[in-house]
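Input: a single structure, listed below in structure tokens.
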Amino acid sequence: GLVPRQRSSGGKSQLGGITKRGQTYLRMLLVQAAKSAVMTAHRRDDRISRWVLALRERSGWQKAVVALANKNARILWAVMTRGEAFDANHVSTKPQGA
């Protein structure tokens, strides 16, 4: 329920609002954690904090919060499904044969 609704036409994609599907309490916790991280991102120098600061300048505070909550949800899902430890310096690569 964190992913914005997408409308695409002619190569342009427009992101809409967030749906209210999914577990409400979990979504609230992810957004609250993202608010805290966005508010204090200027104190840190890691890759995600730099990304959040740049996004906040481009898109605004609230959109940066939701984008970070979405990113955190995707990271949490990947860590839980793979059963591996989180690696902040991980760089994804395209799978072979795809």
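Descriptive notes on the structure:
- Residue that is surrounded by the fewest Cβ atoms within 10 Å (Cβ to Cβ), among those in the range 36-59 that are closer than 23 Å to HIS90 by Cβ and aliphatic (A, V, I, L, M): ALA54
Yes or no, residue by residue, for (1) modelled with pLDDT under 85; (2) exposed (fewer than 10 other Cβ atoms within 10 Å of the Cβ):
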residue: LYS20; (1), (2): yes, yes
residue: TYR25; (1), (2): no, yes
residue: ALA34; (1), (2): no, no
residue: TRP61; (1), (2): no, no
residue: ALA64; (1), (2): no, no
residue: ARG74; (1), (2): yes, no
residue: THR81; (1), (2): yes, yes
residue: GLN96; (1), (2): yes, yes
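- Counting the residues of the range 83-94 that are among the small types (Gly, Ala, Ser) and surrounded by 10 or more Cβ atoms within 10 Å (Cβ to Cβ) gives 0.
Every residue, every condition in (1) touching a residue at least 24 places away in the same chain (Cβ under 8 Å); (2) more than 15 Å from the chain's Cα centre (by Cα); (3) on the phi < 0 side of the Ramachandran plot, yes or no:
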residue	(1), (2), (3)
LYS35	yes, no, yes
VAL52	no, no, yes
SER59	no, no, yes
LYS63	no, no, yes
LEU68	yes, no, yes
VAL79	no, no, yes
ARG82	no, yes, yes
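The values are calculated or read from the model by the stated rules, or taken from the named source; none is laboratory data. What you are looking at is a predicted structure, and each value in this text was computed from that prediction instead of being measured. No Cβ is skipped: glycine too gets one built from the backbone with ideal geometry, and neighbour counts run over all protein chains shown.
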